[in-house]
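Peer 1: Below: one structure in structure tokens.
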Amino acid sequence: MKTRNRLALASFTATTAVVVAFIVPTTPAIAHGTMSDPASRVYTCKNEGPETPKSDACKAAVAAGGTQAYYDWNEVSLLEAGGRHRQLIPDGKLCSAGRDKYRGLDLQRADWPAKRVSAGPLTVTYHASAPHSNSNFEFYITRDGWNPTQPLRWSDLVHLQTFNNQNPGTFTNWTLNLPQRSGRHVLYSIWQRVVGSNEAFYTCSDVDYGGGGTPPPSTTTTTPPPSTTTTTTPPPAGGTWAAGTTYSVGNRVTYGGVNYECQLAHTALAGWEPPNTPALWRRL
């Protein structure tokens with residue numbers, strides 16, 4: 001009797017082991033994460049709320065690609081990158097890693113929420129929702145003179161520092177030394193897994209040094225008699241374009257330090273900024 005019980009138990013145990021082997025996945029969990037400080041674009045829009053974003057930039061990003069990208073904030077990635085970032089991601093799509101799902105992150109705007117920074121040491125924080133050991137982290141900043149209303153290209157990035165063979169936790173800090181800049185820039189990061197996966201993650205974090213949006217001084221011109229003095233004050237930096245305004249053909253505005261001329265009469269909506277709507281605005 002005891003022998004039969006032992007045989008039955010052994011049979012049950014073996015059968016259970018086979019069932020568990022089929023049920024339990026054998027593939028390792030994939031890594032996930034993004035920059036949390038300075039917050040990446042996807043992290044910013046996730047925190048604002050995908051359904052009710054607050055900033056005009058996040059509203060436009062959601063309008064461009066939908067809400068799901070911001071629920072999946074931690075997977076702006078390529079599974080088989082293996083260090084071939086420049087070969088796989090085309091210019092103009094660095095923030096989305098070339099993935100259509102995240103296309104809203106590539107919008108060329110001068111009003112993405114940005115962290116105020118200055119030249120010198122800056123502590124940055126990466127939020128890894130699934131951290132993995134043996135990873136490399138590269139950090140870049142856009143070149144001096146870069147224009148946020150233009151596509152972000154690989155040639156626009158200046159290398160800051162690389163941290164190899166890192167073992168990140170849920171929140172990991174590094175200190176970077178920022179160079180002199182003025183105005184708005186993008187801090188770009190690449191997290192490349194080294195062991196067990198070719199997966200890589202990409203982030204665009206907007207930063208603002210200040211000083212880049214100061215309008216040029218007023219100019220005064222005088223003509224011979226009859227004497228006429230004309231004072232011309234340029235429009236303020238950031239432009240006179242505003243959502244809710246009705247524009248006629250030929251109207252001129254400034255947005256992000258760039259002048260545009262209206263090509264089609266319309267009433268502007270958030271997300272219809274001049275650099276995003278070439279059918280409505282012609283860059284001068």
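The values are calculated or read from the model by the stated rules, or taken from the named source; none is laboratory data. Since the model is a prediction, treat every value here as computed from it, not as a measurement. Positions of Cβ are backbone-derived with ideal geometry, glycine not excepted, and every protein chain shown enters the neighbour counts.
Peer 1: For region 188-204, how many residues are of a type in the set (A, V, I, L, M, F, W, C) and farther than 13 Å from residue 137 by Cα?
Peer 2: Keep residues of region 188-204 that are of a type in the set (A, V, I, L, M, F, W, C), which gives 190-191, 194-195, 200-201, 204.
The next check asks that each one be farther than 13 Å from residue 137 by Cα; those that pass are 195, 204.
Summing the residues that are of a type in the set (A, V, I, L, M, F, W, C) and farther than 13 Å from residue 137 by Cα in region 188-204 gives 2.
Peer 1: Of all residues in region 112-127, which are in a strand (DSSP E or B) and surrounded by fewer than 19 Cβ atoms within 10 Å (Cβ to Cβ)? Please lay out each step first, then the result.
Peer 2: Kept after step one, since they are in a strand (DSSP E or B), are these residues of region 112-127: 115-116, 120-127.
115, 116, 120, 121, 123, 125, listed by residue number.
Peer 1: While we're on this one: Looking at (1) surrounded by fewer than 16 Cβ atoms within 10 Å (Cβ to Cβ); (2) modelled with pLDDT under 95, can you tell me which one residue 65 breaks?
Peer 2: The single condition residue 65 does not satisfy is (1).
One line per residue, one yes/no per condition, for (1) assigned to a helix (DSSP H, G or I); (2) surrounded by 13 or more Cβ atoms within 10 Å (Cβ to Cβ); (3) at pLDDT below 95; (4) not polar (S, T, N, Q):
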site: 11; (1), (2), (3), (4): yes, no, yes, no
site: 18; (1), (2), (3), (4): yes, no, yes, yes
site: 25; (1), (2), (3), (4): no, no, yes, yes
site: 34; (1), (2), (3), (4): no, yes, no, no
site: 44; (1), (2), (3), (4): yes, yes, no, no
site: 53; (1), (2), (3), (4): no, yes, no, yes
site: 61; (1), (2), (3), (4): yes, yes, no, yes
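Peer 1: Scan region 69-87 and report the pairs whose first residue is without any contact (Cβ under 8 Å) to a residue 40 or more places away in the chain and whose second residue is small (Gly, Ala, Ser) and surrounded by 12 or more Cβ atoms within 10 Å (Cβ to Cβ), with Cβ atoms within less than 7 Å and a gap of 6+ or a chain change.
Peer 2: Short answer, once both residue conditions are applied: 69/104.
Peer 1: Specify which of the listed residues (105, 79) is crowded, with 17+ Cβ neighbours inside 10 Å and either of a type in the set (A, V, I, L, M, F, W, C) or assigned by TED's automatic domain parsing to the domain that holds residue 188 (or both). Please lay out each step first, then the result.
Peer 2: Values: 79 fails: crowded, with 17+ Cβ neighbours inside 10 Å.
Answer to the check: 105.
Peer 1: Scan region 34-68 residue by residue and report those that are within 15 Å of the chain's Cα centre (by Cα) and without any contact (Cβ under 8 Å) to a residue 12 or more places away in the chain.
Peer 2: 47, 48
Peer 1: If I go through region 256-265 residue by residue, how many of them are at pLDDT 80 or above and surrounded by 14 or more Cβ atoms within 10 Å (Cβ to Cβ)?
Peer 2: Residues in region 256-265 being at pLDDT 80 or above and surrounded by 14 or more Cβ atoms within 10 Å (Cβ to Cβ): 6 in total.
Peer 1: While we're on this one: Before we move on, is residue 169 at positive phi and in the same structural domain as residue 88 (by TED's automatic domain parsing)?
Peer 2: Numbers: at positive phi: no; in the same structural domain as residue 88 (by TED's automatic domain parsing): yes.
No, not satisfied.
Peer 1: Among the candidates 246, 203, single out the residue that is under 30 Å from residue 36 (Cα atoms) and modelled with pLDDT of 80 or more. Working first, answer last.
Peer 2: Working: 246 fails: under 30 Å from residue 36 (Cα atoms).
203 is the lone residue from the list that is under 30 Å from residue 36 (Cα atoms) and modelled with pLDDT of 80 or more.
Peer 1: Scan region 63-80 residue by residue and report those that are touching a helix residue (DSSP H, G or I) at 6+ places or on another chain (Cβ under 6 Å) and in a loop (DSSP other than H, G, I, E, B).
Peer 2: Within region 63-80, 73, 76 qualify.
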